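Have a look at the structure below, then the notes.
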Amino acid sequence: MKHTVHLFFDFFSRQDHWARRLDVRVKMGIAVALFGVVLGSTHCFLPLMLCSVAFLGLCCLRIPFRIVMARFVPSWVVAFVLLVLQAFVTGQTVAYTWHVFGWTLAVKQEGLALGFLQASRILGAVGVLLLLGAVAPAHEVFLGLRWCRFPKVWVEIALLMYRYLFVFLDEASELLDAQRIRLGYGRARTAVASAGSLLGAVMVRSIEQSTRTHEAMLARGYTGDYPFGQLKKMAKRDYQVFVLALVLILCLYFGIEKEVMLW
């Protein structure tokens, strides 16, 4: 399980390909533009198209299909739940009704439209984020955030969280294996109790680890100022790629939005 965890997060972003060789600021700028397209879209077609492109892009980067699915499935579940909730609670015009155990469930047209739009935005944004994570290692993203003048303390916290996320996942994996060996998940009742004890143990170890980490940083001269490296100067090719990508994104957005409105 340890190897699966490591492959799931940061291994594939270090592979050598043309997208990996682009400057991280270019990739982050393109991602921000795509986020703007997703949030500004008034129809579900464009966000769903971006989600499909991101899915195919991850597959083209030779990321195993099971890992791609593991990254996308949670967002699909959240989008489906949001769609169902909006369909039942939003709007006035009834499209469908069901009678279940004496209850009348009414699906509204306005809720369906809003639910599809919000669900598609979730899928599109998650797809863009996953594609960015597949072509930009975390340490480069942190440097890019500092270059964008994000508050230094926020970036420090994010860096430490990302660093120790793997540590706690490894510890949770070891505890989970120990519980399974002792048949801690043999029945539903024992599974719930085992999961609760697992979460509690990980929380306690995270608090203990925070204390040890702080003491270790102070012993090494930490005074509240975490040193960050500097990004290289962007090459001319990076500027050209960014401008070209931005123009294509704007043309795609306005072109599709216009066509959908006319349709």
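Coordinate-derived values only; no laboratory data. Owing to the predicted nature of the structure, the values given are computational and were not obtained by experimental measurement. All Cβ positions, even for glycine, are placed from backbone atoms using ideal geometry, and neighbour counts span all protein chains on display.
Kirkwood hydrodynamic radius, computed over distinct alpha-carbon pairs, for segment 186-263: how many Å, to one decimal?
19.2 Å
Where the centre of each part is set by its Cα atoms, how far does segment 181-238 sit from segment 42-57, in angstrom?
That distance is 33 Å.
Can you pull the Rg over Rh of segment 138-232, Cα-only, Kirkwood?
Ratio of gyration radius to Kirkwood radius: 1.14.
Are there trypsin sites (Lys or Arg not before Pro) in segment 199-263 that DSSP marks as loop and that have at most 15 other Cβ atoms within 10 Å, and which are they?
Loop-located and lightly packed - 220, 232, 233.
Which residues' amide hydrogens lie under 5 Å from the amide hydrogen of residue 95, considering only partners 5 or more residues apart or on another chain, with H built in the peptide plane?
For residue 95, whose amide H was placed from the backbone, the distant partners under 5 Å are 107, 108, 109.
Which length gain, in nm to one decimal place, applies between residue 217 and residue 171 when the Cα-Cα distance is subtracted from 0.36 nm times their residue separation?
The span from residue 217 to residue 171 would gain 14.4 nm if fully extended.
Can you give the extra length, in nm with one decimal, that the chain gains between residue 254 and residue 231 once fully stretched, where that is 0.36 nm per residue apart less the Cα-Cα distance?
Length gained between residue 254 and residue 231: 4.9 nm.
Just from its helices, what would the mean residue ellipticity at 222 nm be for the chain, if runs of 4 or more DSSP H residues each count -39500 (n - 2.57) and the sum is divided by every residue, rounded to the nearest 500 deg cm²/dmol?
-25500 deg cm²/dmol
Give, in nm to one decimal, the length gained when the segment between residue 162 and residue 88 is fully stretched (0.36 nm per residue of separation minus the Cα-Cα distance).
Going from the current span to full extension adds 22.8 nm.
Using Cα pairs closer than 8 Å and at least 6 residues apart in sequence, work out the relative contact order for segment 138-232, in percent.
35 percent
Restricting things to alpha carbons, find the Rg to Rh ratio for segment 56-189 using the Kirkwood radius for Rh.
Rounded to two decimals, Rg/Rh equals 1.11.
Of (1) 1.04; (2) 1.18; (3) 0.99, which is the value of Rg/Rh (Cα atoms, Kirkwood Rh) derived from the coordinates here?
(1)
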